[in-house]
Each structure stands twice: as structure tokens, then as C-alpha cells.
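The values are calculated or read from the model by the stated rules, or taken from the named source; none is laboratory data. What you are looking at is a predicted structure, and each value in this text was computed from that prediction instead of being measured. Ideal geometry is used to build each Cβ from the backbone, glycine not excepted, and the neighbour counts take in all protein chains shown. Please note that ligands, DNA and RNA were not included when accessible areas were found on the heavy atoms of the full protein model with its side chains. Shrake-Rupley method; radii C 1.70, N 1.55, O 1.52, S 1.80 Å.
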Amino acid sequence: MLVGLKGFHVIDVSEHASVVRAIVESPVSPVGCHGCGVVANSHGRRDVSLIDVPCFGRPVRLIWRKRTWRCAQEQCSTRSFTEQHEDLAGPRALLTRRACWWAIGQLRREHASVAGLARQLGTTWRTIWRSIRGLLEAMAADPARFENVTTLGVDEHIWHHVSTKPVSAGGRGPKELTGMVDLTRDARGRVRARLLDLVPGRSGKAYADWLTERGEVFRAGVKIAALDPFQGYKSAIDDQLEDAVAVLDAFHVVKLGTAAVDECRRRIQQETLGHRGRKGDPLYGIQNLLRAGAEKLTDKQNARFDTAIASNEDAHLPVYIAWSCAQQLRSAYRHPNPHQGRRIAEQILDSFPSCPIPEIARLGRTLKRWREAFLAYFTTNRSNNGGTEAVNGLIELHRRVARGFRNRDNYRLRMLLIGSGLAHPHLK
């Protein structure tokens, strides 16, 4: 009951240099030889020190008095052997099994760093990582974590900002990674995003190769594929996920509309005043209002907006038209009825490409090129890539907590862990 180890007795508990030492041993019982099965003779005990879960704010050392035996049969090849208990610790382990799972849980749920865990356990970074890496690799290699994926998201990710030279030349290789995220809805219709993998490169080939590795059963199960407007990923979806519906992410489409308004504002600013926006310039004063939704503006902000446009109505009219188009784009996604939202989207596809405002016309041509993926949002229960962006946020957080990574394999394992990509009863 004291140490939570079934089948062990506590012999002594003491404290040395602010480290708690608990001595445990298993009771005496007859044991058969591993080689011949004959009851072996006791050969004494051997003390093994293990790092255990910290207790009362202090590191803990578990001293396991391992029993040893010697086989009495002269013909037996097994001369002697030592007591093993997988639930306590594996052979030659430095951490107890529960200390390993405690560390993994702290990394996943508490956003801890390995260096911080090393301070709590009273050991080193390498000792902890080498102890838990095998468990992480075993979970990552489990094919069951790719089962029942019906909605798949993809996005690029930057994992370092240093030298991109090959690892053999002292660099860290390509800085871009492609991340695949499971966006399948649960029984309640909610998305529980989980990271499936991170592979080197930001290209359609990187995505297509990963899909090929998953096998035909996995690819056939994917019905919806969400993505940002990047043609490389779209080509991979068309080639590898023939039965899936590609869906353009709503956030990025709205972002394109907002960017078109910004570009229009800057162009008109240069045409009317001959310089970049400065304090006191009408359009510069409402740049943040132009990025906001019309429904979020207060009466005071609406008055500021109208005053800025009216200060030079003829010249500022293109900005107002561009802003109105962006608001129409937002309204398609915000409409409570998907069928009505799709009708607005179809009107956008018909009208934007011929708009006299060049920025809006370019946006219209882009959306027209992505027509099917753009409209699929309204026929797939509003599927989007938002869960992928949420996982990216977690990844960025842990990269900052760790002060960066030098090893991409370690990076992948850590991010699979915090991105809910690894499953085990101990992680529930």
C-alpha cells in the first residue's frame, strides 16, 4: 500500500540528500529454473537502484533487492538467473515502469519539458528520453491507430529555422514537414483531431507517398479530405484518394478575401496619396475595420468607416466594393442554412471573376479554379481543416517549451504524443 507495488514488501524508507529511498523486495518462494524447470537454489539478493515517481516534491529512488538463483543441475545450460518483474521495471532499466508512464503523461497532459521532468526525478535528460522512447516508438508503430479514419486533414509545418543542409553535413535537413490529422467526427458529431504523422517535405509527393504507405484499406476508408489551397496536396488527393471529396478550408478562403481587401486598400492609398499609409490617412485609420466582419462593428466603428470612405468617395469606392465582396464571402460560410450558403457561394463564383476591382477578380479566378473543393464545404456537414490548425498550435507550443529540437525523429515522437496520435491504456 505504501509504494503501490503488488507482490512486494517495503523493507525500509529513508531520506538521503533530499532524495527518498524506499527498499523493496519480493517474498521468498520456490522458483523453477528457466532452462530445465527444476527448483533452483537461492543465490542471495542484488540491490538495483531505480528512479521512481517523485513523492512530496522530492525525487525517489526505489532500491529493489532482486533475488538471484543458481540451478542445481550440472547438465543445465542456465547456471544462474535474476528475478524479473515487468510491471516494476524491464531488464537493465533505469526508471520504473510507472515512472516512464508518469513522464509520458506529464509531457502529454501538462505540457512539461523533458528537462523539467529530469529536475523533478533527479536525473538527466538523456536518461528520461532513453527510458520512454521505446514506449513511444512501440505506440507509433501500432497500425491500429490508422483505423476508422473517414476524414483526413493535411497541412504544412515548419519544425526548425536553422540550417537546411543535410544531417550528414551538420544541418537539420528540410525545415518543412507535412502533417496528417484525423478529423473524423465521433458519435456526437464532434471532431476529436489527432495527429497521425509528420513526414519530411512540403509537396504533393510527400503526401502521396504517405498515403501509398497506408495501404488500400486506409485510402478506401477516407471519404473527406480537407486541405488548404495548395495544389500539391490537391494533386495527391486526386491521385490517391479517388473516392474522397476534397474540401477547401473555410478559414483560408476567408483569409484570401481579407487579403484581397488589404491589397486593394494599399493600392488606392498609393494612387491617392503617393505613399504608404500614415497616421491620419483615412484608409490607414480603418485598416483593422476592413479586416473585421460587418456584424462585429459597433455604431461608433461604423461611423468611422463611413467617414473614411466618404472623405474621397470616388477614389475610395473600390475599397468599399472589395470590402463588400469579402463580407459576401464570409456570409456564405456564416449562413445557418448550408443550402442557402451554397447559393451565395455559387453567386460569388459567377460574379467575382468579372469584378472591375483587380484584386477581387483575381480572388474570383482562384475560387473558380477550386470550384468543387470550395462548394464541397456546404455538402459535407461543414467539414474544414480547423482541427489540423488546432494540432499545429499544440505542436508550436511544445516546440517553444522544448526550446527547439535538433533530432527530427524525436520531434515526430513528441508531437505524435501531444497530438493524441498515440494510444495506450496508460494514457487515458
Enumerate the calculated ³J(HN,Hα) couplings along segment 8-14 in order (Karplus 6.51 cos²θ - 1.76 cosθ + 1.60, θ = phi - 60°), each rounded to whole Hz, writing x wherever the residue is Gly or Pro. 10, 10, 8, 8, 7, 10, 8
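Hey, got a sec? Which GluC sites (Glu not before Pro) in segment 13-102 land in a DSSP loop and have at most 13 other Cβ atoms within 10 Å?
Details: sites: 15, 25, 74, 83, 86; in loops: 74, 83, 86.
Here the GluC sites (Glu not before Pro) that fit, given the DSSP loop and packing criteria, are 74, 86.
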Kindly write out, for segment 218-225 in residue order, the coupling ³J(HN,Hα) from the Karplus curve 6.51 cos²θ - 1.76 cosθ + 1.60 (θ = phi - 60°), rounded to whole Hz, with x marking Gly and Pro. 5, 5, 5, x, 7, 9, 10, 10
Measuring from label point to label point, each 7 Å out along Cα→Cβ, what is the residue 175 to residue 238 span in nm? 3.1 nm
Could you list which residues have their amide H under 5 Å from that of residue 183, counting only those 5 or more apart in sequence or on another chain, with H placed in the peptide plane? 151, 152, 153
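When each pair of different Cα atoms in segment 220-265 is counted once in the 1/r mean, what is the Kirkwood radius in angstroms, to one decimal? Please report the intermediate quantities before stating the final value.
Details: mean 1/r = 0.0846 Å⁻¹.
Kirkwood hydrodynamic radius for segment 220-265: 11.8 Å.
In square angstrom, what is the accessible area per residue of the chain with a 1.4 angstrom probe? Numbers along the way, then the final one.
Details: 22420 Å² over 428 residues.
Roughly 52 Å² per residue, with all protein chains present.
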For residue 212 and residue 92, FRET efficiency with R0 = 35 Å and r from the beta-carbon atoms, rounded to 0.05? 0.35
Any chance you could check the Cα centroid distance between segment 252-319 and segment 48-84 for me, in angstrom? 73 Å
Using only the Cα atoms of segment 118-159, what are the Rg and Dmax in Å? 16.0, 44
Can you compute the modelled spin-label distance between residue 79 and residue 284, with each label point 7 Å from Cα toward Cβ, in nm? 8.7 nm
Sort out for me the Cα centre separation of segment 382-428 from segment 110-156, rounded to whole Å. 9 Å
Out of residues 5 or more away from residue 33 or on other chains, whose amide H comes under 5 Å of its own, with H placed 1.01 Å from N in the peptide plane? 38, 39, 40
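When the chain is fully extended, how far beyond the present Cα-Cα distance does residue 366 get from residue 28, taking 0.36 nm per residue of separation? Could the numbers behind the result be given before it?
Numbers: separation 338, 0.36 × 338 = 121.68 nm, distance 7.66 nm.
Result: 114.0 nm gained on full extension.
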Longer than 22 Å from Cα to Cα, which of 205/234; 234/296; 255/296; 175/368 are they? Say none if no pair is. 234/296; 175/368
Segment 245-304: trypsin sites (Lys or Arg not before Pro) in DSSP loop, at most 10 other beta carbons within 10 Å: 276, 278, 279
Would you mind checking which residues have amide H under 5 Å from residue 197's amide H? H placed 1.01 Å from N; only 5 or more apart, or other chain. 180
With unit charges on the beta carbons (Lys and Arg positive, Asp and Glu negative) and the dipole taken about the Cα centre of segment 323-428, which residue among 357, 425, 393 sits farthest to the positive side? 425
Report which label in (i) 40; (ii) 25; (iii) 20 holds the value of percent of Cα pairs over 41 Å apart derived from the coordinates of this structure. (i)
Name the residue farthest towards the positive end of the dipole of segment 106-199 from the options 118, 154, 136, assuming +1 on Cβ of Lys and Arg, -1 on Cβ of Asp and Glu, about the Cα centre. 118
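Pull out the extension gain between residue 294 and residue 426, defined as 0.36 nm times the separation in residues minus the alpha carbon to alpha carbon distance; nm, one decimal. The partial results should precede the final answer.
Values: separation 132, 0.36 × 132 = 47.52 nm, distance 4.81 nm.
Net length gain for the segment: 42.7 nm.
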Which of the lysines could a cross-linker bridge to residue 6, judged by Cα under 23 Å and excluding same-chain residues fewer than eight apart? 66, 428
The chain: angle of helix 97-109 to the longest principal axis, Cα-based, in degrees nearest 10: 10 degrees
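Order 127, 388, 164 by their accessible area, 1.4 angstrom probe, all chains in place, largest first.
Details: 127 30, 388 5, 164 85 Å².
The ordering from most to least exposed comes out as 164, 127, 388.
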Residue by residue through segment 278-288, the couplings from Karplus 6.51 cos²θ - 1.76 cosθ + 1.60 with θ = phi - 60°, in Hz, x for Gly and Pro, are 10, 4, x, 6, x, 5, 5, x, 10, 4, 6
Hey, what angle do you get for helix 204-214 against the long axis of the chain, alpha-carbon based, 0 to 90 degrees rounded to 10? 40 degrees
Could you pull out the trypsin sites (Lys or Arg not before Pro) across segment 172-235 that fall in loop regions by DSSP (anything but H, G, I, E, B) with no more than 12 other Cβ atoms inside 10 Å? 188, 190, 192
Relative contact order (%) - the chain, alpha-carbon pairs under 8 angstrom, separation at least six: 14 percent
Contour minus Cα-Cα distance for residue 10 and residue 43 (0.36 nm per residue): 9.8 nm
Nearest-10 value in Å² for the accessible area of residue 29, using the 1.4 Å probe: 60 Å²
P(r) over all Cα-Cα pairs of segment 230-381, 10 Å bins from 0 to the longest distance, whole percent per bin, short to long, reads 11, 37, 31, 16, 6, 1
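To the nearest 20 Debye, how big is the dipole of the chain about its Cα centre, given +1 on the beta carbon of each Lys and Arg and -1 on that of each Asp and Glu? Please report the intermediate quantities before stating the final value.
On the way: 64 positive and 44 negative charges, 274 e Å.
With only Lys, Arg, Asp and Glu charged at Cβ, the dipole is about 1320 debye.
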